[in-house]
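Note sheet for the following structure.
The values are calculated or read from the model by the stated rules, or taken from the named source; none is laboratory data. Fair warning: this is a prediction, and the values are worked out from it, not measured in the lab. Every residue, glycine as well, gets a Cβ built from its backbone with ideal geometry; the counts of neighbours run over all protein chains shown.
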Amino acid sequence: MKTTKSQKKQVRFSNRSLMSVVDNLSLNKELASKLWYSQEETDLFKAWLSHQVREVRTQLGDHSALIDEDAVTINAAAILGLEKYLSPELTVEYKDRRLALQRAVLAEHRWHRALQIPHSSRLAMISSRNSRWARERARAAALFLEQDVMQDFREMNLPATTPRRCSMPPLNEADATEEGHKGHPYQRRWSTASWSSIRNNV
């Protein structure tokens, strides 16, 4: 079977195919421990996330008046990955919209199976329509992060390069006071002190 396009390109399907069989490495406990996170590690990740969420919400609450007056700006890198947890209401909004997306896609898929007429483009359209809100928020977060990184380059008189995902100090390390707000120093590092304190408390 072959198809011919205007550029005279051809697509051919081979009569033979190559298949590689991979053993289930998870059946071996020693190998499984290297492939997957343990329950203790998973619990530690959750505890670290909860700690970071509390820190972000506390800082936003403490400086809400200054933020509203543009006296303090939140560095996008400091909350990277925590955008959906900035407030309880926003977290609920994310969960509700994700659930609505799943229900819409599954309902459409069931309808296709009942009619025995697959319609991938319609399924993609429904998925795109129901995920537009989350995608727009993610795009905005990426733009804010890019602006912050480029601003840091300008302040340090460094040559501009393509921004990469980095880490900034937690919000409580930023010097935000009502007397004034100085720009964040160019610090891209992980806070090992906070990580150690969480690890010891879990």
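Quick grid of which residues meet (1) closer than 30 Å to VAL92 by Cα; (2) surrounded by 13 or more Cβ atoms within 10 Å (Cβ to Cβ); (3) modelled with pLDDT of 85 or more:
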site	(1), (2), (3)
LEU123	yes, yes, yes
ALA134	yes, yes, yes
ALA140	yes, no, yes
ARG154	no, no, no
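Just so you know, in segment 46-89 the residues that are loosely packed, with under 12 Cβ neighbours inside 10 Å and either part of a helix (DSSP H, G or I) or basic (Lys, Arg) (or both) include one that is modelled with the highest pLDDT, and it is LYS46.
Please find, among SER33, SER50, the residue that is more than 22 Å from SER87 (Cα to Cα) and not charged (D, E, K, R).
Values: SER50 fails: more than 22 Å from SER87 (Cα to Cα).
After applying the criteria, what remains is SER33.
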